[in-house]
Amino acid sequence: MIGKPPSLSQVPRVALWLGGIAAVTSAATTFLLLTTFLIGTLSYGIALASGGTPERLLALLFLLAAPLTVIIMLDGYFGASLSGWIAWSYPLLQPLSRALTGAWLIWLATSRYSKGRYSAGRSSPAARSPGS
């Protein structure tokens, strides 16, 4: 038979203190992760915006993800209850932008390789001597 859970007076104070530290650390880590994700997403979107059509498409997706990250932060930390916007857009936007980024990187690598820029028979520019 399962008994009642212990009351707060029965839980050692150390356990409550450690649990509080874990909650604060978890919240701080999540905030730091979301902030760096926001900065990275914005930077990646801005960097890709000046490229060709595939790069501009990726830039648009990443720049659309940045406001969603801000909404997640506002919702989670200030209770802004804007999660209706996230419920349909974020699960669609993130996998799509990641898949398109992967396809773009593969396309970029294969197109450069096929043009001879990175062929196995040539040395890299860094490995060549300055006079050659």
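The values are calculated or read from the model by the stated rules, or taken from the named source; none is laboratory data. Quick caveat: nothing in here was measured; it's all calculated off a predicted structure. Glycine gets a Cβ as well: all are built from the backbone with ideal geometry, and neighbour counts include every protein chain shown.
Give me the residue from the stretch 44-93 that is among the polar types (S, T, N, Q) and assigned to a helix (DSSP H, G or I) and, out of that set, nearest to L108 (Cα to Cα). Result: T53. Only residues that are out of contact with any Asp or Glu (no Cβ under 9 Å at 6 or more places or on another chain) and either surrounded by 14 or more Cβ atoms within 10 Å (Cβ to Cβ) or under 14 Å from L60 (Cβ atoms) (or both) were counted in the stretch 95-110, giving 4. The listed residues are T25, T30, and the only one of them that is at pLDDT 60 or above and surrounded by fewer than 13 Cβ atoms within 10 Å (Cβ to Cβ) turns out to be T25.
Got at least one residue in the stretch 33-50 being loosely packed, with under 10 Cβ neighbours inside 10 Å and modelled with pLDDT of 85 or more? The answer is yes, given that some residue of the stretch 33-50 is loosely packed, with under 10 Cβ neighbours inside 10 Å and modelled with pLDDT of 85 or more.
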